[in-house]
Amino acid sequence: MSNTNVKLIGGWFSPFTLRVKIALNIKSLEYENIEETLYPKSQLLVQSNPVHKKIPVLLHVDKPICESTIIIEYIDEVWNSGHSILPSDAYDRAMARFWAAYFEDKCMLAMAKSIRVDDEEARKPYLEEIEDSLVTIEGELQKWCREGKGYFGGEEIGLVDITFGSLLGMMGMIETMNGRKMIVEEKHPCLVKWADRFASDPNVKGLIPEPEKLLSLMWLGPERIVQKRVEEKSPQNNKRIAQPLASHDLSLCISQALQMKQWKAAATAKKWNSVLNGQAFCSEIVNCVLVFTFILFYFIFF
């Protein structure tokens, strides 16, 4: 039975929501998980986070706390069960916040940009930026490995691990998109071991979304699935249809959008076939005119 005093408004696809779920698991807290569809945004989300209207939002005794890092620190301060997520030492705590910010400002930003770009050539600078970030992260992690620590800053999962670990699903999606691994044994031996250890931890296991599932969502593109309604022309009945993408079942939402995307692709292909056939026909006419002109010119002057 979930604790009705603790509720989490989030989404399975959101790395920010994942961070909060891991923190709640570390503290062994039961909570009500409220899956937010975002398209359109629920009234509960808008009321709970009227400033940004973004997930995640933690409701503790119906009081909303927003922003994933703030929520994690709140959880760590309010509940004493489980180990501390942030270090007790002021300097170590400052360093943990520094590296957590680095992951968001450098690594995550480059990852998000690489996903939005369709052209492989245009994507290269962002992939290089990700690789540079991974080298820096590997160097920091090696310091802790030399001290026999399994995680960033200690032997248990902390703020830095949660922040970077929440990006593993997105990292896997980028690897799938580009057909190559980003975190490899030759360049990042400590990161490879850390990632396996993190993903198999009881507080994390089963929470990181599969790359293929994320890819099926992101393939629609942010501009395409953020629509409140999508209008397309159905080939079956040749009528205009308007279907909302605001289903409580996100998988159904994706399926509907993909189906309409396929209709659009088929219509586009048919259009181009017609254009190409028309061009071929025009080309034949031009050739005939040129031949006729040549024959006429020959008989007149010769």
Assign one of three labels to the stretch 53-130, namely rounded, prolate or oblate, based on the Cα gyration tensor with a ≥ b ≥ c the square roots of its eigenvalues; rounded applies when a/c is under 1.5, prolate when it is not and a/b is larger than b/c, and oblate otherwise. oblate
Is the C-alpha gyration tensor of the stretch 81-232 telling us rounded, prolate or oblate? Criteria: a/c under 1.5 is rounded; beyond that, a/b larger than b/c is prolate, otherwise oblate. prolate
Between the modelled labels at E155 and K53 (7 Å from Cα along Cα→Cβ) the distance in nm is 4.9 nm
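Mind checking the full-extension length gain between T4 and D105? Use 0.36 nm per residue of separation minus the Cα-Cα distance, one decimal, nm.
On the way: separation 101, 0.36 × 101 = 36.36 nm, distance 3.46 nm.
Working it through step by step, the gained length comes to 32.9 nm.
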Within the under-14-Å Cβ sphere about N49, not counting N49, Lys/Arg +1 and Asp/Glu -1 give a net charge of +2
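Rounded to the nearest 0.05, what FRET efficiency is calculated for L215 and I70 with R0 set to 30 Å and r the Cβ-Cβ distance?
Efficiency, rounded to the nearest 0.05: 0.50.
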Shape of the stretch 4-124 from its Cα gyration tensor (a ≥ b ≥ c, root eigenvalues): rounded if a/c is under 1.5, otherwise prolate when a/b > b/c, or oblate? oblate
Long-range amide H partners of I183 with built H, under 5 Å: none
What list of ³J(HN,Hα) values in whole Hz, one per residue of the stretch 207-212 in order, does the Karplus curve 6.51 cos²θ - 1.76 cosθ + 1.60 (θ = phi - 60°) give from phi, with Gly and Pro shown as x? 9, 5, x, 5, x, 5
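Report the gain in length on full extension from D196 to C145: 0.36 nm times residue separation, minus Cα-Cα distance, nm rounded to one decimal. Before the final figure, lay out the partial values.
On the way: separation 51, 0.36 × 51 = 18.36 nm, distance 1.45 nm.
Taking 0.36 nm per residue and subtracting the Cα distance, the gain is 16.9 nm.
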Reduced to Cα centres, the span from the stretch 114-157 to the stretch 72-113 in Å works out to 16 Å
If you take the charge dipole of the stretch 33-90 about its Cα centre, with +1 on Lys and Arg Cβ and -1 on Asp and Glu Cβ, which of V78, N33, V46 is farthest toward its positive end? V46
Going by average Cβ density within 10 Å per residue, which order do the peptides 103-113, 153-163 take, highest to lowest? 153-163, 103-113
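Just to confirm a number: summing +1 for Lys and Arg and -1 for Asp and Glu over residues other than E32 whose beta-carbon lies under 14 angstrom from that of E32, what do you get? Provide the component values of the computation, followed by the final result.
Values: positive: K7, K21; negative: E30, E35, E36, D62.
Here the charged neighbours net out to -2.
Bear in mind that the values in this text are calculations on the coordinates, not laboratory data. These numbers come from a predicted model, not from an experiment. For neighbour counting, all protein chains shown are included, and Cβ atoms are generated from backbone atoms with ideal geometry for every residue, glycine included.
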